[in-house]
Every structure is written in C-alpha cells, then in structure tokens.
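Presented below is the structure to which this report refers.
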Amino acid sequence: MRRDLWNLTTAGLAAAASELGRPVREMGGTARDAAKAGAAHALAVTDTIDAFRQSPPLPTKPVARRTTRPVPERVLPVRPRGLGHLRGWETEVALPVTGTFMTPARGSRRADAVLTAPEDQVPVLFVEVDNHTEPAAVVAAKIDRYQRFFGRQVKSDRGRDVPLWSTLWDDSGRGGFPPVALVFTKDVGAQARMNRIKAVRDLSRTCWQPRWQKSHSWSSNASEDDGWWDFAGTVPVIATHLDQLRTHGPHGPVWWRFGHSDWQPITDALANTGTEDEYRAREDQRREREAQEERRRQEREEELRRREAGKWACPSCGGPVYPGDASGAPVATGSPCTACRTLTDSQQPATTERAVTAAEAAESNGILARLRRG
C-alpha cells in the first residue's frame, strides 16, 4: 500500500512556530529519518506519543437521523493514567555531537521524540521508536551517539564547562545522563520482543553499565564486599513494546531497565539503585549498631567495676561477697556469702524442730502432766 509523507518547508515551520508561539527548534525538522523509512515510522512515533499521553477519547457529535428509534448511549473506554502533556513533546530533535542545535554537524543524532514532564517527575526523556527495520547493533549504536552527545561540554556564560544538553533541559538529580526510552513497535511474540531487548542491551552495555565502587576507608564498620554503583557518564535505558504501553500506560509495569531484572513502572525503572547515598545510609546504620554495642559493652564493664569495688569478704568462709546475689536481690554489706547463708538456713529448721520436741516431751512427761492425769 502506498503511503504519502508530508513535511513542512523551512518557511512553513517558521510560520507554524509563529502561529503557535513556540521557538522554531521545537517545531521539529523535516523528518529525514522518517522519510528514509517511509511514513510508517512517523506514524509509529505518533502512536507512541499517544500511548504515553493516554488522552481520553472524545465523544463525537451524533449524526442527525430521520428515525425516531432511541440511539444507545456510547460508553467510552477508560484509559490508564498518562504521562505529560502534548505541549511537553518535541519530535525530530537534533542532538549535535558537534555544531549547534539549529545546524548539527554530520554524524549527530536526531531523537524521534523528547518529553519534558516535570510535573510527573520526568524532567526530560528521550524516546526512540524501533520498527525492527534495523539490526540490533544499529539500535545499540544510537545509544552510543546519545552518550557522546550527553558528554559534550560547552562554556557557560560564567566561563565554566557545562553539558550542552543541560542548557535546554533540566537535570533529574538521579545521577548519570538523561534517560532514553526504547519503544519497539513490531507485532511479534513476547519471547521475540525480549530477545530483541536483550540483544540491544548486551550490545550497548558500555553505555549504560554503571561502575562498581568500594570504600577505601579503614573503618572497622566497613564491609569488604559492600560498595555502590557509580552512574556518572552512563545513559539509563528503559525499553517497552508499544502494545504494552497502549494497554497499561507508562505508569504500568511495562518498562525493562537495562541492568534490572523485572518489569517496572516508569518512575521505578528510572530510579538508580545501589547508589552511593544508599551505601552511606547502610554505613550510618552499621555505625549506629556498633555504637549501641559499644555502649552496652561499656555498661557491662561499668557494672562489673561497681560490683568489684563494692565486694567484701565473707565472715564465715572468707570468699568474696557482692552487693547483689545471682537473682539481683540486694545483699546487706558484711553479710555472709550465698553458700554460707544457704548452709545456715538449711540447719535452722532442724534445730527449731528439736526444741519443740523437747518442750512437748517435758509437758507430757513432767509432774504437771501427771497431776493433770491424776
């Protein structure tokens, strides 16, 4: 089937920008990459933006009919929560490795779409739409060109080196470069989708893989195996399929972050894990546990010192006697030790019993007893 692709001229882009009150650069280019692949790619980008936005369907005005039969009320489908607004999208955005945004040099990348949605905690997201018309290695090479663009430095108005991309878009504060979302659109099976994602992941590992760091501290609380991931200079890459994005929306568990192990909502997928901040928090917890153990050890030692300072010699056997016995009950100063007290207590009831028996015998066998019987 033949598809026609219509593009605005440079003058047309300028006129549209003037009418909409937007900068010319935000009006997109002449869709060179889309033109090479045909209109199907441009349509896929449009479908991707719609799947991100999840804009609710608008009811149409009923057509006047001559019949008097009641028209059943249309129930519009409910769509998941979307991400961003239409004004937050730009398409065919130049990413100059050299040159400028308006005149990028040869070899520069053009992002299929760029989303800015700070209201949804996504300051900037670069979107690449893949129709499976290129090998996985070509898609992975695009991520490398993103990394090169993100790493480009320019002089600020204060003479400091700053990333070129940061002159147009805000930093997320998560660390690393801005994220790139890959949206695959070809209607294939789940296993084929996953194979495609894994192939691109493996071929682009040097672009997104963070570096493992360890603390060089000699602190006793530092764990030899513990450390953190350094995301500086890396490109976070998240991937999904257009059907998943349409069905569940961007906030559903449809994103596979390169380096993660399961499907996640977009905010979870974009969050860096195993960071230095998390490592420092674990170190603080370890230090607190060690401090508590040290306090308990000092309290035990202080208690032992108090017991040793307050002991005396048993008046019976000469052994040491402490202010408190094994049960914690206080012991009067100068008292015998526990063993001697136990021995004395065990003998006392027998002596009492013998005294009572003698009294009873005297009462039953004495003169008074005989007089009473007489």
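The values are calculated or read from the model by the stated rules, or taken from the named source; none is laboratory data. Predicted model, so just to flag it, every value in this text is computed and none were measured. Glycine gets a Cβ as well: all are built from the backbone with ideal geometry, and neighbour counts include every protein chain shown. Just so you know, the surface numbers come from the protein's heavy atoms only, side chains and all, with ligands and any DNA or RNA stripped out. Shrake-Rupley method; radii C 1.70, N 1.55, O 1.52, S 1.80 Å.
Which residue, of K198, K186, is open to solvent by 30 Å² or more (accessible area, probe 1.4 Å), among the basic types (K, R) and part of a loop (DSSP other than H, G, I, E, B)?
K186
Would you check which residues across the range 131-167 are outside any loop (DSSP other than H, G, I, E, B), among the acidic types (D, E) and surrounded by 12 or more Cβ atoms within 10 Å (Cβ to Cβ) and list them?
Scanning the range 131-167 gives a single hit, D144.
Which condition breaks for W212 when tested against (1) at pLDDT 90 or above; (2) open to solvent by less than 50 Å² (accessible area, probe 1.4 Å); (3) touching a Phe, Trp or Tyr at 6+ places or on another chain (Cβ under 7 Å)?
The failed condition is (2).
If I ask for residues that are surrounded by 15 or more Cβ atoms within 10 Å (Cβ to Cβ), of a type in the set (D, E, K, R) and in a helix (DSSP H, G or I), which ones from the range 244-289 would you list?
R246, D268, E276, E283, R286
Are any residues in the range 105-130 within 24 Å of the chain's Cα centre (by Cα), open to solvent by less than 20 Å² (accessible area, probe 1.4 Å), under 19 Å from G249 (Cβ atoms) and β-branched (V, I, T), and if so, which ones?
V122, V127
Any chance you could count how many residues in the range 257-278 are over 13 Å from the mean Cα position of the chain (by Cα) and touching a residue at least 60 places away in the same chain (Cβ under 8 Å)?
The qualifying residues number 0.
Would a scan of the range 72-86 turn up a residue that is part of a strand (DSSP E or B), at pLDDT 80 or above, within 31 Å of the chain's Cα centre (by Cα) and closer than 30 Å to A271 by Cβ? Spell out the reasoning first.
As a first pass, look at the range 72-86 and keep what is part of a strand (DSSP E or B): none.
Among the residues of the range 72-86, not one is part of a strand (DSSP E or B), at pLDDT 80 or above, within 31 Å of the chain's Cα centre (by Cα) and closer than 30 Å to A271 by Cβ, which makes the answer no.
Taking the conditions exactly as written (small (G, A, S) and touching a helix residue (DSSP H, G or I) at 6+ places or on another chain (Cβ under 6 Å)), does A94 satisfy them or not?
no
If you check every pair at least six apart or on different chains, which have Cβ atoms under 9 Å apart with a residue in the range 158-174 that is hydroxyl-bearing (S, T, Y) first and a residue that is surrounded by fewer than 13 Cβ atoms within 10 Å (Cβ to Cβ) and at pLDDT below 90 second?
T167/S156
Going through the range 310-343 one residue at a time, which ones are assigned to a helix (DSSP H, G or I) and open to solvent by 90 Å² or more (accessible area, probe 1.4 Å)?
L343
Examine the range 213-221 for a residue that is closer than 30 Å to C337 by Cβ and not in a loop (DSSP other than H, G, I, E, B), and state whether such a residue exists.
no
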